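Written below as structure tokens is the structure these notes are about.
Derivation of every value follows stated rules applied to the coordinates shown; laboratory data play no part. Computed from a predicted structure; not experimentally measured. No Cβ is skipped: glycine too gets one built from the backbone with ideal geometry, and neighbour counts run over all protein chains shown.
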Amino acid sequence: MLKSIILALSLIHTPYTRMNCWLFVDHATQMHCGRGLLDSTCNGQLEIVHRNLRLLDLVTIERELKQGDIAQFHTGHVAMYLGQGEWIDSTVKRNGVAIYQMQDELAANQSGWYAGPIRVLRKKSTKVL
């Protein structure tokens, strides 16, 4: 997971016109699922750890999340959890890749990207033999 976080942080300030949220998550996780994440678990590379959450639920359970968890919103938007209440994604609103707190989105009543059911996906750990 640390590698995904380091890659994600290295992309801060990348303009949205060069990297939308899906390209960002693909690059950071190096799974190359693209928008296929919407309908699958990226060929079994991801597991669903929460489903049918609301934004308030997501903020409430942040302490249960792990670094690198991916929130997938019903709008098709995706964001990666960094830890300690911080998220990273790429949006037009923030002009590309940026860190923010989901609590702030909730307080600002951001209903667009973050409305509707949310699921949280986690990269499956690989076991070393």
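Return, for the Cα atoms of the chain, the radius of gyration and Dmax in Å, separated by a comma.
13.5, 48
Which residues among segment 62-92 fall inside the zone where the amide N is under 19 Å from a point 7 Å beyond the Cα of A107, along Cα→Cβ?
Only 62-63, 82-89 pass the distance filter.
If I take R0 = 35 Å and measure r between the Cβ atoms of S125 and R54 in this structure, what FRET efficiency does the formula 1/(1 + (r/R0)^6) give, to the nearest 0.05? Before the final figure, lay out each step's value.
Details: r = 28 Å, r/R0 = 0.80.
The formula returns an efficiency of 0.80 here.
Which of the residue pairs K66/K124; K3/K124; K93/K123 have a Cα-Cα distance greater than 22 Å in the structure shown? Mind dumping the intermediate values first?
Working: K66/K124 12 Å; K3/K124 14 Å; K93/K123 27 Å.
K93/K123, as the Cα separations exceed 22 Å there.
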